[in-house]
Structures are given as C-alpha cells and as structure tokens.
1. Just need a number here: residues in the range 1-40 that are part of a helix (DSSP H, G or I) and either crowded, with 17+ Cβ neighbours inside 10 Å or among the polar types (S, T, N, Q) (or both).
2. All but one of (1) touching a residue at least 60 places away in the same chain (Cβ under 8 Å); (2) closer than 23 Å to Phe5 by Cα hold for Leu41; which doesn't?
3. Is there a residue being in contact (Cβ under 8 Å) with a residue 40 or more places away in the chain and surrounded by 15 or more Cβ atoms within 10 Å (Cβ to Cβ) anywhere in the range 78-86?
4. Within the range 62-74, is there a residue that is part of a strand (DSSP E or B), of a type in the set (Gly, Ala, Ser) and surrounded by 19 or more Cβ atoms within 10 Å (Cβ to Cβ)?
5. Given the options Ala90, Ala30, name the one that is within 12 Å of the chain's Cα centre (by Cα), modelled with pLDDT of 95 or more and under 21 Å from Phe5 (Cβ atoms).
6. Val7 fails exactly one of the following numbered conditions: (1) in contact with a Leu (Cβ under 6 Å, 6 or more places away or on another chain); (2) within 19 Å of Ser114 (Cβ to Cβ); (3) of a type in the set (Val, Ile, Thr). What is the number of that condition?
7. Could you run through the range 33-61 and say how many residues are at pLDDT 95 or above and among the small types (Gly, Ala, Ser)?
8. Ile104 versus (1) at pLDDT 95 or above; (2) outside any helix (DSSP H, G or I); (3) surrounded by fewer than 18 Cβ atoms within 10 Å (Cβ to Cβ): which is the lone unmet condition?
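The values are calculated or read from the model by the stated rules, or taken from the named source; none is laboratory data. None of the values given here were measured: they were computed from a predicted structure. Positions of Cβ are generated from backbone atoms using ideal geometry, with glycine treated the same way; all protein chains shown enter the neighbour counts.
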Amino acid sequence: MSDLFSVSGERAGDGLGVVTLSGEVDIYTAPQFKQCMLELLDGGVDRMIVDLSGVTFIDSTALGVLIGGVRRVNSAGGAMALIVTSRAVARVLSITGLDHVFTIHATREAAVESLA
C-alpha cells in the first residue's frame, strides 16, 4: 500500500545527490518522488543516485519520473545510477528495457564509485 512509501533526498558530495525510496512507488506516490528529485536537481546536483533497494513495487508512473530525471541529468552533462536489490524491481527494469538506460548497482558504495 502507498502508506508504506517514504522518500528522502540528500546531498552526498559535490554535485552528488541521493534519493532514497521505500515501499510502493506508484501513481499516488510518484509526485513526491519527482518533487524530491527536482529539489536536488534545482539545487545544483548533476550526478544522482536513486536508491530503490527498499522499493517493493514500482509502476509506469514512477518509471516515467526516473526517465525524466535521467534526461535532465544527462542534459546537464551528469549521470544517474540506480541501486536495485529487489528481484521485482529488477524484473520491471529488464522487461521495459530500462536496465540498458540506467547503470544499476547492488550497493550504495558501488553506485557512488561509478559516478566518481
């Protein structure tokens, strides 16, 4: 259910932002996800990590937010990486072909290193 959803954003270094999500990211919660991402991007972040390790469900609306975010980061000359540990989320990314659009890592450390 959407009541399990949480989102937080933080600056993790020079130009690096991290959005951490948990619960269900769907049509009801995606606007909060988008707002959090935009606040970091508007604050000068050009490298972003989206931590999906706590996500139990992701729908097409949330995927649209991810795509919009990666487009904006790429147009600023930056990059985006995802942290995915759930088979369900990995499967959605694979089925939609987004596993070829995003760099996907199993840990935050690996994601940070990839954007260094």
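1. To start, the set of residues in the range 1-40 that are part of a helix (DSSP H, G or I) comprises 2-4, 30-40.
Cutting the leftovers down to either crowded, with 17+ Cβ neighbours inside 10 Å or among the polar types (S, T, N, Q) (or both) gives us 2, 30, 32-37, 40.
Qualifying residue count for the region: 9.
2. Every listed condition holds for Leu41 apart from (1).
3. Going through the range 78-86, the residues in contact (Cβ under 8 Å) with a residue 40 or more places away in the chain turn out to be 78.
After this cut, where a residue has to be surrounded by 15 or more Cβ atoms within 10 Å (Cβ to Cβ) as well, the list is 78.
Within the range 78-86, one or more residues are in contact (Cβ under 8 Å) with a residue 40 or more places away in the chain and surrounded by 15 or more Cβ atoms within 10 Å (Cβ to Cβ).
4. Quick first cut of the range 62-74, residues part of a strand (DSSP E or B) only: none.
Looking through the range 62-74, none of the residues is part of a strand (DSSP E or B), of a type in the set (Gly, Ala, Ser) and surrounded by 19 or more Cβ atoms within 10 Å (Cβ to Cβ).
5. On the way: Ala90 fails: within 12 Å of the chain's Cα centre (by Cα).
Only one candidate passes the filter, namely Ala30.
6. Just one mismatch for Val7, condition (2).
7. 3
8. (3)
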